[in-house]
């Protein structure tokens, strides 16, 4: 009963603050699927903000019940939603049914916010026309130790329709990693829940596309307000044999092909399909390499992907690796070599304690790291 009263009080304070200040309030949506070990750290980081608690709420969507965790969430005034669906789109839909904020900030269960994250987000969305905010990330290991970060670039903002802006926004990685993103809810409402429920993965691309379609201002914030954790339970991290690695890559590639396919139904035929189509084709390349039964991409698709690669990759070796995977996707004898090459590159990245995101293709946009 005490916990229900606490949740009710938090909801009242949130509603009162909204009516009082007339400024955008924030719903932080934390999602966890089959992973418990980092969830309390993620939620704690959202609760320990410089922004007063009455200006934001925290909602956790997870597919498991854990008595200790559930009790702590209740005591902390955090709403918890149980969703056993495997689709990220379904988790988002469940959260949107509960969320009261005009602005949505996302946090994966293994990442964390810096203390000033939500204050920066609120400040950005107080400006008229801002529909999307994406900040730079610092990288941490499983123990929370800093191991690197995205390259620092000057602050930037633009509407996607402005000349040259879309290319710049994609190059800044604006569609990468939900934990670094915040969006005005109206942008997702305009798309409609039913159009993204079936997305298994790639909801970060969904948020980016929704913001572009809304026509508002997208803001790149160079401050490292998100801590992105690199650890052994991520699909792009190699912690097992080459056979295990190949199976994981096949499984994730198939999910990305399906998810980007759903997103193309939303953005296809618009000027913004370039933010999704190369990712769909790249995922099909990876699927063809790691999943023997999958169909290979067409030569036209490969030509389109290679023409667009400079929007995502800025180093010659990254392009050469993409070219090698593309060749392996259409010439089966090369697939074993490509699998071994990616596996070894991943192991090397782990030894150097850097994130292997740069060398793994088909798992979303590539960040141009130092």
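Under conditions of 37 °C and 0.692 mPa s, segment 2-229 yields 186 µm² s⁻¹ as its translational diffusion coefficient, taking Rh as the Kirkwood radius over Cα pairs in the Stokes-Einstein equation.
The antiparallel fraction among DSSP beta bridges confined to segment 95-235 stands at about 60%. The alpha carbon centroids of segment 268-307 and segment 70-89 are separated by 35 Å. Computed over segment 110-267, the quotient of the alpha carbon radius of gyration and 2.2 N^0.38 Å is 1.10. How many angstrom lie between the C-alpha centres of segment 99-148 and segment 29-69? Result: 13 Å between the Cα centres. Tell me whether segment 95-194 comes out rounded, prolate or oblate; compute the Cα gyration tensor, take square roots of the eigenvalues as a ≥ b ≥ c, and use a/c under 1.5 as the rounded threshold. In terms of gyration-tensor shape, oblate.
Shape class of segment 29-74 from the Cα gyration tensor (axes a ≥ b ≥ c, square roots of the eigenvalues): prolate, since a/c reaches 1.5 or more and a/b is larger than b/c. Just check segment 58-101 against the gyration tensor rule for me: Cα atoms, a ≥ b ≥ c as the square roots of the eigenvalues, rounded for a/c under 1.5, and otherwise prolate or oblate depending on whether a/b exceeds b/c. Oblate, since a/c reaches 1.5 and b/c is not below a/b. Put simply, when 92-104, 150-162 are sorted by average Cβ atoms within 10 angstrom per residue, most first, you get 92-104, 150-162. Here the Kirkwood formula puts the hydrodynamic radius of segment 242-358 at 14.8 Å, using every distinct Cα pair.
Only the coordinates and a few stated rules stand behind these numbers; no lab work does. None of these values were measured; they are calculated from a predicted model. Reconstructed Cβ throughout: ideal geometry from the backbone, glycine too, with neighbour counts over all protein chains shown.
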